[in-house]
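Below is one structure, written out as structure tokens; comments come after it.
The values are calculated or read from the model by the stated rules, or taken from the named source; none is laboratory data. Just so it is clear, the model here is predicted, and its values are computed rather than measured. In this analysis, Cβ positions are derived from the backbone assuming ideal geometry, glycine residues included, and neighbour counts consider all displayed protein chains. Remember, those area values only see protein heavy atoms, side chains included, never the ligands or the DNA or RNA. Shrake-Rupley method; radii C 1.70, N 1.55, O 1.52, S 1.80 Å.
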Amino acid sequence: HLHNQNLGEAQVFRPLKVAPLVTAKTQKVTGQPLNRDSLYGKWRVVDQALAEPLTLFLSPTGSMAFGPMHGRWALDAHRLSLTSVDGIQRTYHISIHQDRMRMSGGDLEKELILVRAK
């Protein structure tokens, strides 16, 4: 717990849960997979509480940037796996409806909504 007179309430920090490494041989396709091409580009998190906008960039070559994290990305059905250059992997459940991406799971405490950044 972090206590400080400037914080309205005590801040609680929890350890991150690291997803097991998934290789191409262990991946199973379930449900209707998202189209990888529809994910390319820059996405911006829609959250008024953030001091600065959080962005997700997914390139066609497989490189990615999610906030301060840089590395590689992979898609398996509705699971987006981001692996940092340090080897830390986070897997999120994603869905796209119209021009909005919903992202949950991984190390997120709540679902994020992202829109295409202009």
Fill in the blank from the handout: Flagged pairs (Cβ under 9 angstrom, 6 or more apart or on separate chains; first in segment 30-52, modelled with pLDDT under 85; second among the hydrophobic types (A, V, I, L, M, F, W, C) and in a loop (DSSP other than H, G, I, E, B)) are Thr30/Ala77; Gly31/Ala77; Gln32/Ala77; Pro33/Ala77; Leu34/Ala77; Asp47/Leu54
Exercise for the section: Identify the single condition in (1) open to solvent by 20 Å² or more (accessible area, probe 1.4 Å); (2) farther than 15 Å from Tyr92 by Cα; (3) in contact with a Gly (Cβ under 9 Å, 6 or more places away or on another chain) that Ala74 does not satisfy, given that it satisfies every other one. Expected result: (2)
Problem - The one condition in (1) at pLDDT 95 or above; (2) over 16 Å from Leu39 (Cα atoms); (3) of a type in the set (D, E, K, R) that Arg72 fails to fulfil - result: (2)
